[in-house]
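Working notes, beginning with the structure itself.
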Amino acid sequence: MQVTGFTFIRNAILYDYPVVESIRSILSLCDEFVVAVGKSDDNTRELIASMNSPRIKIIDTVWDESLKEGGAVLAKETNKALDAISPESTWAFYIQADEVIHEQYLERLMLDMERYKNDLAVEGLLLNYLHFYGSYDYTGDSRRWYRKEVRIIRNDRHIRSYRDAQGFRKNGKPLIVQPVKATIYHYGWVKPPEFQQAKQQYFNRLWHDEKWIAEHIASGKTFDYSRIDTLAKFTGTHPAVMKDRIEKKNWHFSFDPSKKRFSPVKMVLHFIEQKTGWRPGEYRNYRIM
């Protein structure tokens, strides 16, 4: 069994993406790792090359920013990386540039890939998510955060990235997947406030025009993390590859988890989910076997 990791990235330094930590977190599982590096306004390519791993394969790309409908450019860049992986690989492990796997899950993930490698009915493996927000001490626990997503897919040329690269589909249909007991740590909402603000202004341009940006993205030089509905206190440990980045954190954010900023309807839905684990009306871009 061979495994290829793959991701895409652009302007990692400019917008403070933990892409090096992301790649390192699963590199030991991978026989190769394909990184589609978009033409950047910083030294992103040099950053990836400085990892100096013979497993890492860089492909240079140029983003088509005219593909604004649904963030389609992100799926296109994902597919460029996917198309460059070795045909010898059984599995393709997708990890975005702000996602990290804790080392406690690596052995289990390898066993899961081994377990299902010959079961061709399994088109992907479904991982859990923790979404960190504001700092490394809080995670999102409302309906606005997706709870699971497909991140390991069979090396099948009919499987393509879907919409804005959140998930995948095969011949236009959701993948048939097996859930696994591993969690993606998503750090996209943990950045110095000035980097987060710059990212919001930049990233939303992949979906929207300047008029929408002016109407929906707050002006100013720093992002206001306080405008959030609810958070939970994180009491676990972070992946070891994140240690240096966490120690260098230079801003303060705190939140009272007892505060809930919901409409009455959302409050009821939140209560149901917290008590039962069931999320009414949850969107699922996959089919569980």
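Residues that are in contact with a Gly (Cβ under 9 Å, 6 or more places away or on another chain) and polar (S, T, N, Q) within the stretch 209-227 comprise just one, 226. Of the listed requirements (1) touching a Lys or Arg at 6+ places or on another chain (Cβ under 6 Å); (2) closer than 23 Å to residue 177 by Cα, residue 86 misses just one: (1). Evaluation of residue 183 against the conditions (1) within 19 Å of residue 75 (Cβ to Cβ); (2) part of a strand (DSSP E or B) shows that the sole unmet condition is (1).
Meeting the requirement of 1 or more residues that are more than 23 Å from residue 168 (Cβ to Cβ) and free of Cβ contacts under 8 Å to residues at least 12 places away in the same chain, the helices (runs of 4 or more DSSP H) wholly within the stretch 1-92 are 44-49. Mind listing whichever residues of the stretch 144-166 are among the charged types (D, E, K, R), under 30 Å from residue 257 (Cβ atoms) and surrounded by fewer than 19 Cβ atoms within 10 Å (Cβ to Cβ)? If the condition is that a residue be among the charged types (D, E, K, R), under 30 Å from residue 257 (Cβ atoms) and surrounded by fewer than 19 Cβ atoms within 10 Å (Cβ to Cβ), then 144, 147, 164 are the ones that fit.
In the stretch 206-230, the residues that are more than 20 Å from residue 190 (Cβ to Cβ) and at pLDDT 75 or above reach residues that are among the aliphatic types (A, V, I, L, M) and outside any loop (DSSP other than H, G, I, E, B) with C-beta atoms within less than 9 angstrom, at least six apart or across chains, in these pairs: 206/72; 206/73; 206/74.
Residue-wise test of (1) among the small types (Gly, Ala, Ser); (2) part of a loop (DSSP other than H, G, I, E, B); (3) under 16 Å from the mean Cα position of the chain (by Cα); (4) under 21 Å from residue 285 (Cα atoms).
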residue	(1), (2), (3), (4)
105	no, no, no, no
108	no, no, no, no
111	no, no, no, no
118	no, yes, no, no
127	no, no, yes, yes
145	no, yes, yes, yes
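The values are calculated or read from the model by the stated rules, or taken from the named source; none is laboratory data. Predicted model, so just to flag it, every value in this text is computed and none were measured. Counting neighbours? That spans all protein chains shown, and the Cβs are built from the backbone with ideal geometry, glycine included.
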